[in-house]
Amino acid sequence: MRPNKKDTEKKIEALLQELTLEEKSRLIHASEFFRSGDVPRLGIPKITMSDGPMGVRNDFYPAKWRPVGTTADAVSYLPCNTAIASTWNRELAYDSGRVLGREARGRGKDMILAPGINIKRNPLCGRNFEYMSEDPYLIAEMVVPLIEGIEENDVSACVKHFACNAQEWERLWVNVELDERTLREIYLPGFEAAVKRAKTKALMGSYNLVRGEHGSQSKFLLTEILRKEWKYDGLVVSDWGAIHDTKAAAESGLDIEMSVFPNFDEYFLANPVIEAVKKGEIAEADLDKKVRNILRFMLRVRLIEIEMKAQKNGKTSAKAVPVADRDPGYFNGSAMHLYAKKTAREAVVMLKNEKHRLPIKPSQTRKLLVIGNNADRLQSNGGGSGEIKALYEVTPIMGLTREYGGNTEVRFTPGYYVPRKIRPEVSWQEDSVSPEVMLDAEDRDKRKNSAKEKELIKKYREEAVRLAKEYDEVVIVGGLDHEYDTEGCDRKDLKLPYQQDALINAVLDVNPRAVVVMLAGSPVDMTAWSDRAQAILWMAYNGMEGGTALAEVISGTVNPSGKLPESLPSDFKKTSAAVLGDYPGRKLTAAEKKKMNATLTQTFRDGVFVGYRFYEKYNVPVQYEFGYGLSYTEYKYSGMTVEKANGKDALFTVSVKVKNTGHVTGKEAVQLYVGEKVVSEDNPIKELKGFDKVELEPGEEKTVRFTLTAKDFSHFSNESNTWQQMKGRMVIYIGASSADIRAKKEVTLK
Ligand code: BGC
């Protein structure tokens, strides 16, 4: 029987009473890079953490950024969050969470530092692949099952980075200004759902500042919103090196200070906080709040139980003991790899398929040429803190070779040349909190190829072109890699690196039927060749079975059903962050510098007009729109109905019939958007408020149902500081994407 809340709080209180000031301080800051401190005298252990989100990261020495280096920490490599969001399938998010949580526990962790759910406001952001979407509703719907899956395993998620962390450029020193409505409608809903619906046990603050305060020590975000408004009593850890001030950190809703430096005793919440409490500058009660949250967290993940004992003097003593039947977890089970494959299959997005160019049937294919470094590149080991040591990773070339079998000659040629890593390998993490990382990014972008490299570029391209003439079937696999989709730096534009445009065009010149696959965690500009290519597939870093899934889609074994969780603009200059916002921010004035510990400040002037909300309102064309993705079959939508609902919060129930009119089984992500009939200046034309993915056999028809609540028709008012329901004529749209609307109906709201 689980203890009741009152009982639990009593025990926490009793254990707290046993602690000295010094011991409290031990609990609220790191004692190793991925561990908090302990109090062995009372049986209180360290909390052990590891990075996600694509798997449980490899282990490091406690105080050195050097991997331990045995093979014992190889794990399942899951599709990245962008890929998970591309499935539009809540069940797969849940399955991925279960795998991640179980492996984290199996590797002895108490907390996995995932998922990352920041809004993909800016396509240049280096960490976009770790995040899900530009749309808060899609994020909220996918993150809840993901967290629930993780936390089933006596281990916690750690939702990050709270909040408004939309760029890597100057990430520690950029201040974000935004109005309340934008914060509430765009940047908070994912976190709010994580806290209120998924009841996440932990959360990580951000590096960046919001309204003048660093996210990880922000009173506004952590105390006012998270603790008071959302009544969150879970754990908050700082981002690594995101604390800058003892008093602010002590007095905010933060619990544990983590960082990238090994001088643990000098952390702001180590010796300095002890001194400050002794001098009376900080109240010990502020530390007590943190310790309560920490102990509560330990109980929730079943790291400890608290034993109470009556003393002779009438008092009760308390101590922590390990929980004997805590879930041990496990990792690298074959079922886990199957889940990774199921998710990967639904994450592949087909962008174009003229003249039924795809699939390429293995039985009719004698020779297949695969061009492009990304076809043969391992992606799991890069990207920054999201890197992992995958037990295995099926690359596209391996996937294709396996899928096509022994009767097809599959040949690989690199096509484009990729220089060796520019960023330092061993201690990038320690450097990641210093401005030098930005300089590294500039090095990368300004880097000139040597004469020898130029020769290689020419040689690779010429060979690809020569072979492309000889092969009937050609697949080019390019895109980005974790030199670009990476923590610590943003890209400078959306152009494909490594002169891929020239390669793709040269191949299409000699073989116009060549299929193009783009592997990327962020939008890239494909306009140099997208009109010419007959077929284009899109795939984010798709886990250990990503190559299998891709090959199965190319061969037709799997019918693609992924849809874009973000718009794909062709040019950064046409995005909201560039047109309306002032990315990457302007330098602070001397007066501003006195008020905040930052170098740049940026106003999110695009407000709620992020992603498709922006492109639709300002009529800006994109390459492919939010929610878009093709299938090998066709779906017919019909018979949309809207009825008044009689549930407590429900306003309407909406239904629509979807029929598979083609010849193969498929899955369709049906989308529901809501907007005003006469759209007011302040509001987006429409916003996603529902989706469901249905599987349909050829000829089969199913009815998809949605419930809409008052909140779905509400906006946050900057004037009244509350949610307000819209009034008048509203339109409910049903679509196969945000632009491909198949049915709509009007309703009136009183
Ligand atoms: C990242 C976090 C990560 C932490 C620990 C930081 O650089 O921003 O997302 O969890 O490092 O590796």
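The values are calculated or read from the model by the stated rules, or taken from the named source; none is laboratory data. None of these values were measured; they are calculated from a predicted model. As a convention, Cβ positions derive from the backbone with ideal geometry for all residues, glycine included, and neighbour counts pool all protein chains shown. The area values use the complete protein model at the heavy-atom level, side chains included, leaving out ligands, DNA and RNA. Shrake-Rupley method; radii C 1.70, N 1.55, O 1.52, S 1.80 Å.
Anything in the stretch 674-690 that is open to solvent by 10 Å² or more (accessible area, probe 1.4 Å) and under 17 Å from Glu625 (Cα atoms)? List them, or say none.
First pass over the stretch 674-690, keeping only residues open to solvent by 10 Å² or more (accessible area, probe 1.4 Å): 676-683, 685-687, 689.
Scanning the stretch 674-690 gives Ile685, Lys686, Glu687, Lys689.
Mind checking whether some residue in the stretch 189-196 is of a type in the set (Gly, Ala, Ser), surrounded by 20 or more Cβ atoms within 10 Å (Cβ to Cβ), within 19 Å of the chain's Cα centre (by Cα) and away from the ligand (no atom under 16 Å from the Cβ)? Before you say what the answer is, go through the steps one by one.
From the stretch 189-196, those of a type in the set (Gly, Ala, Ser) are 190, 193-194; that's our starting set.
Right, trim to surrounded by 20 or more Cβ atoms within 10 Å (Cβ to Cβ) and you get 190, 193-194.
From what is left, the residues that are within 19 Å of the chain's Cα centre (by Cα) are 190, 193-194.
Checking the rest, the ones that are also away from the ligand (no atom under 16 Å from the Cβ) come to 193.
Yes, because at least one residue in the stretch 189-196 is of a type in the set (Gly, Ala, Ser), surrounded by 20 or more Cβ atoms within 10 Å (Cβ to Cβ), within 19 Å of the chain's Cα centre (by Cα) and away from the ligand (no atom under 16 Å from the Cβ).
Among the residues of the stretch 426-438, is there at least one that is away from the ligand (no atom under 16 Å from the Cβ) and open to solvent by 10 Å² or more (accessible area, probe 1.4 Å)? Full working, then the answer.
So the first thing to find is which residues in the stretch 426-438 are away from the ligand (no atom under 16 Å from the Cβ), and the list is none.
For the stretch 426-438, residues away from the ligand (no atom under 16 Å from the Cβ) and open to solvent by 10 Å² or more (accessible area, probe 1.4 Å): absent.
Kindly indicate whether Pro419 is surrounded by fewer than 20 Cβ atoms within 10 Å (Cβ to Cβ) and either touching an Asp or Glu at 6+ places or on another chain (Cβ under 7 Å) or assigned to a loop (DSSP other than H, G, I, E, B) (or both).
Values: surrounded by fewer than 20 Cβ atoms within 10 Å (Cβ to Cβ): yes; either touching an Asp or Glu at 6+ places or on another chain (Cβ under 7 Å) or assigned to a loop (DSSP other than H, G, I, E, B) (or both): yes.
The answer is yes for Pro419.
I need every pair where a residue in the stretch 337-353 that is over 13 Å from Leu550 (Cα atoms) and assigned to a helix (DSSP H, G or I) has its Cβ under 9 Å from the Cβ of a residue that is among the basic types (Lys, Arg) and open to solvent by 10 Å² or more (accessible area, probe 1.4 Å), sequence separation at least 6 or different chains.
Pairs found: Tyr339/Arg98.
Thr343 fails exactly one of the following numbered conditions: (1) in contact with a Pro (Cβ under 9 Å, 6 or more places away or on another chain); (2) open to solvent by 10 Å² or more (accessible area, probe 1.4 Å). What is the number of that condition?
Single failed check for Thr343: (2).
Return yes or no: is Glu152 away from the ligand (no atom under 16 Å from the Cβ) and more than 26 Å from Leu480 (Cβ to Cβ)?
Numbers: away from the ligand (no atom under 16 Å from the Cβ): yes; more than 26 Å from Leu480 (Cβ to Cβ): yes.
For Glu152, the condition - away from the ligand (no atom under 16 Å from the Cβ) and more than 26 Å from Leu480 (Cβ to Cβ) - is met.
Going through the stretch 566-591 one residue at a time, which ones are modelled with pLDDT of 95 or more, within 21 Å of Ile117 (Cα to Cα) and not charged (D, E, K, R)?
Ser567, Leu568, Pro569, Thr575, Ser576, Ala577
Conditions: (1) surrounded by fewer than 18 Cβ atoms within 10 Å (Cβ to Cβ); (2) closer than 25 Å to Ala85 by Cβ; (3) touching an Asp or Glu at 6+ places or on another chain (Cβ under 8 Å). Asn718 meets all but one. Number of the miss?
Checking Asn718 against (1) surrounded by fewer than 18 Cβ atoms within 10 Å (Cβ to Cβ); (2) closer than 25 Å to Ala85 by Cβ; (3) touching an Asp or Glu at 6+ places or on another chain (Cβ under 8 Å), the one that fails is (2).
Would you check if there is a residue in the stretch 82-98 being away from the ligand (no atom under 14 Å from the Cβ) and in a loop (DSSP other than H, G, I, E, B)?
The first filter runs over the stretch 82-98 and keeps only residues away from the ligand (no atom under 14 Å from the Cβ), leaving 82-98.
With in a loop (DSSP other than H, G, I, E, B) added as a condition, the list becomes 88-89.
Among the residues of the stretch 82-98, at least one is away from the ligand (no atom under 14 Å from the Cβ) and in a loop (DSSP other than H, G, I, E, B), which makes the answer yes.
Hey, any hits in the stretch 695-710 for a residue that's open to solvent by 60 Å² or more (accessible area, probe 1.4 Å) and closer than 26 Å to Thr182 by Cα?
yes
In the stretch 229-243, which residue that is touching a helix residue (DSSP H, G or I) at 6+ places or on another chain (Cβ under 7 Å) and touching a residue at least 40 places away in the same chain (Cβ under 8 Å) is nearest to the ligand (Cβ to nearest atom)? It would help to see each step written out before you state the result.
First, the residues of the stretch 229-243 that are touching a helix residue (DSSP H, G or I) at 6+ places or on another chain (Cβ under 7 Å): 230, 232-236, 238-239, 242-243.
Those left that are additionally touching a residue at least 40 places away in the same chain (Cβ under 8 Å): 233-236, 239, 242.
On the way: Asp233: 22, Gly234: 17, Leu235: 14, Val236: 13, Asp239: 5, Ala242: 8 Å.
Among those residues, the one meeting the criterion is Asp239.
List every residue pair whose Cβ atoms sit under 6 Å apart, with the two residues 6 or more apart in sequence or on different chains, where the first one lies in the stretch 170-187 and is within 16 Å of the ligand (Cβ to nearest atom) and the second, anywhere, is open to solvent by less than 10 Å² (accessible area, probe 1.4 Å) and of a type in the set (Ser, Thr, Tyr).
Partner pairs satisfying both residue conditions: Arg171/Tyr207; Leu172/Tyr207.
Among the listed residues Val155, Val174, Val144, identify the single one that is among the β-branched types (Val, Ile, Thr), crowded, with 22+ Cβ neighbours inside 10 Å and under 19 Å from Asp582 (Cβ atoms). Talk me through it step by step, then tell me what you get.
On the way: Val155 fails: under 19 Å from Asp582 (Cβ atoms); Val144 fails: under 19 Å from Asp582 (Cβ atoms).
Testing whether each residue is among the β-branched types (Val, Ile, Thr), crowded, with 22+ Cβ neighbours inside 10 Å and under 19 Å from Asp582 (Cβ atoms) leaves just Val174.
In the stretch 199-220, which residues are closer than 23 Å to Met142 by Cα, open to solvent by less than 10 Å² (accessible area, probe 1.4 Å) and either away from the ligand (no atom under 16 Å from the Cβ) or in contact with a Ser or Thr (Cβ under 9 Å, 6 or more places away or on another chain) (or both)? First the steps, then the outcome.
Residues of the stretch 199-220 that are closer than 23 Å to Met142 by Cα, as a first pass: 199-206.
Filter once more, so that each one left must be open to solvent by less than 10 Å² (accessible area, probe 1.4 Å): 200, 202-206.
Result: Thr200, Ala202, Met204, Gly205, Ser206.
Which residues, counting only those in the stretch 459-490, are closer than 28 Å to Val433 by Cα, open to solvent by 10 Å² or more (accessible area, probe 1.4 Å) and not acidic (Asp, Glu)?
Answer for the stretch 459-490, where residues must be closer than 28 Å to Val433 by Cα, open to solvent by 10 Å² or more (accessible area, probe 1.4 Å) and not acidic (Asp, Glu): His482, Tyr484.
Here is a yes/no grid of residues against (1) more than 30 Å from Ala441 (Cβ to Cβ); (2) within 14 Å of the ligand (Cβ to nearest atom):
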residue: Gly106; (1), (2): yes, no
residue: Leu113; (1), (2): no, yes
residue: Lys120; (1), (2): no, no
residue: Phe129; (1), (2): no, yes
residue: Glu134; (1), (2): no, no
residue: Ala157; (1), (2): no, yes
